[in-house]
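Here the structure is laid out as structure tokens; the discussion comes afterwards.
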Protein chains: 2
Amino acid sequence: MGRTPTGQTRTRVLAFVQERLLAGTPPTVREVQQAMGFRSVGTARQHLDALVDTGQLTRTDDSQHRGLRLPGRSTGGPGGRPTGGRGSSRPRLVPLLGRVQAGPLTTALQDIEDHVVVTTRHPPTELFALRVRGDSMAPEILADDVVIVRRQPKAEHGQLVVAMVDDEATIKRLHRRGSGADLRIELRATNPRYAPIAPDPAALVILGLVIELRREFTGA
Amino acid sequence: MGRTPTGQTRTRVLAFVQERLLAGTPPTVREVQQAMGFRSVGTARQHLDALVDTGQLTRTDDSQHRGLRLPGRSTGGPGGRPTGGRGSSRPRLVPLLGRVQAGPLTTALQDIEDHVVVTTRHPPTELFALRVRGDSMAPEILADDVVIVRRQPKAEHGQLVVAMVDDEATIKRLHRRGSGADLRIELRATNPRYAPIAPDPAALVILGLVIELRREFTGA
DNA sequence: CTTGTAACCACACAAATGTGTGGTATAGAG
DNA sequence: CTCTATACCACACATTTGTGTGGTTACAAG
């Protein structure tokens with residue numbers, strides 16, 4: 001059979017494998033063979049070997065099935081390790097809550113609007129996501145943004161918190177001054193059109209800490 | 001040997017598989033077995049079957065090796081059925097590029113710093129992530145934020161674009177005025193301390209559109 | 001007690017898959 | 001022309017892997 005120009009097929013193979021890896025479905029040698037139209041497995045393998053040699057692709061250590069990886073570092077999972085105690089972030093699915101009102105957060109879990117994928121380096125504490133309403137934290141946080149929240153009942157001065165205000169979850173920055181009986185806590189908005197809230201420290205309900213912000217730009 | 005409380009092991013299996021799928025490395029039945037400490041393959045399979053039955057996991061149609069998938073629809077091709085409802089689709093891994101300089105973006109793929117999980121309906125090849133540098137788009141976009149970019153060479157008026165400026169990728173808002181030979185294109189920063197850039201329309205290189213913004217709040 | 005079910009183990013087998021060996025043809029350099 | 005490297009094919013074989021069949025133990029309900 002004829003042969004394609006030098007290096008051209010090589011590039012096509014790399015593109016195909018990269019695409020599959022990014023899609024989360026590492027291809028097999030025979031899948032590469034079929035995608036490229038090769039009539040022999042060895043041909044596909046030869047190209048893959050060459051790509052690995054030049055460092056454009058990587059294989060898992062034990063070189064198992066579907067063992068191709070991207071050369072960037074943390075792409076590979078624990079591989080064959082028994083109990084991989086790696087330090088990199090782990091992706092997790094956390095619920096995106098529609099409305100959070102008064103009552104235990106467990107109740108709000110019935111109201112799951114969707115799930116979002118979060119990679120956090122923190123231990124699997126309780127995480128949830130909220131869709132932001134209102135512009136009280138503009139311009140830092142806008143309406144329709146999604147915030148990832150780590151559940152915890154206490155917060156420090158200056159932290160972004162999700163707190164219950166008027167039976168509804170709100171995002172504010174916590175300011176704490178004084179101590180003991182003289183403790184004064186304020187929930188401040190970034191937007192100057194909103195006045196600070198100074199709740200009774202004993203009655204203040206903090207749902208958690210904002211650890212991440214996500215905003216989608218929809219075309220416009 | 002004794003047995004663990006009802007449903008508990010099930011949850012652990014699901015968590016393990018989800019993690020692996022999000023990492024782009026679908027696990028084998030025997031990998032699940034080892035991770036859970038089962039002494040039999042069948043035990044792992046039984047749990048996986050149960051999870052598929054309850055719809056918490058999916059298998060590829062042909063049920064091949066490493067065929068577990070997340071329940072979100074299309075497995076990798078357009079074969080998935082449109083389960084009406086959410087706008088989000090299957091999570092994918094997108095490369096986070098360290099620095100993007102002049103030259104074809106393919107070259108920048110060598111410089112993959114990490115990977116980011118993104119749920120979008122766009123093909124993954126057309127997506128990449130960038131870590132923001134500088135404060136030219138403050139307060140909307142800050143330094144160290146991560147933006148998800150969809151590759152495309154053209155953009156409309158008012159869109160957030162990633163363009164090549166001085167051999168480096170920059171984020172700006174595109175302003176287009178006039179038409180034909182009188183066409184004038186400006187790249188504007190949000191931060192007033194940065195003057196608008198008015199490149200030659202023919203020489204303007206647009207890498208893509210910013211479709212999402214992510215910001216992590218590190219404790220403070 | 002009997003029945004049912006969830007959790008688990010042991011073993012087997014066909015298909016999928018990575019790898020190895022050897023061969024052919026074309027292009028380009030000398 | 002010879003020589004070499006690239007691109008490709010054909011076939012074989014050991015592992016890996018999904019799946020099937022059957023058995024064991026504990027817990028709860030009737």
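The values are calculated or read from the model by the stated rules, or taken from the named source; none is laboratory data. Bear in mind the structure is a predicted one, so any value in this text is a computation, not a measurement. Methodologically, a virtual Cβ is constructed for each residue, glycine included, from the backbone with ideal geometry; neighbour enumeration extends over all protein chains shown.
I'd like the full set of residues that are surrounded by 12 or more Cβ atoms within 10 Å (Cβ to Cβ) and charged (D, E, K, R), limited to the stretch B:185-205. B:186, B:188, listed by residue number. Within the option set B:156, B:186, B:168, being among the acidic types (Asp, Glu) and within 14 Å of chain A (Cβ to nearest Cβ) holds for one residue only, B:156. Tell me, please, whether a residue that is away from DNA strand D (no atom under 12 Å from the Cβ) and either over 23 Å from residue B:69 (Cα atoms) or at pLDDT 80 or above (or both) can be found in the stretch A:36-49. No, the conditions are met nowhere in the stretch A:36-49. As for the stretch B:8-21, it holds at least one residue that is at pLDDT 80 or above and within 13 Å of DNA strand D (Cβ to nearest atom). When residue A:137 is tested against (1) free of Cβ contacts under 8 Å to residues at least 12 places away in the same chain; (2) surrounded by 14 or more Cβ atoms within 10 Å (Cβ to Cβ), exactly one condition is not met: (1). The set of residues in the stretch B:118-134 that are touching an Asp or Glu at 6+ places or on another chain (Cβ under 7 Å) and surrounded by fewer than 19 Cβ atoms within 10 Å (Cβ to Cβ) comprises B:125, B:131. Please name all residue pairs, on different chains or six or more residues apart, with Cβ atoms under 6 Å, provided the first residue is in the stretch A:23-46 and is of a type in the set (S, T, N, Q) and the second residue is within 9 Å of DNA strand D (Cβ to nearest atom). Sorted first by the residue in the stretch A:23-46, then by its partner, the pairs are A:28/A:66; A:33/A:41; A:33/A:44.
Taking the criterion of being away from DNA strand C (no atom under 11 Å from the Cβ) and on the phi < 0 side of the Ramachandran plot, the residues of the stretch A:18-36 that qualify are A:18, A:19, A:20, A:21, A:22, A:23, A:35, A:36. Evaluating residue A:111 against the criteria (1) at pLDDT below 65; (2) out of contact with any Gly (no Cβ under 6 Å at 6 or more places or on another chain) leaves one unmet condition, (2). Run residue B:154 past the list (1) more than 27 Å from residue A:119 (Cβ to Cβ); (2) in a strand (DSSP E or B) and report the number of the one that doesn't hold. Only one criterion in (1) more than 27 Å from residue A:119 (Cβ to Cβ); (2) in a strand (DSSP E or B) is unmet by residue B:154, namely (2).
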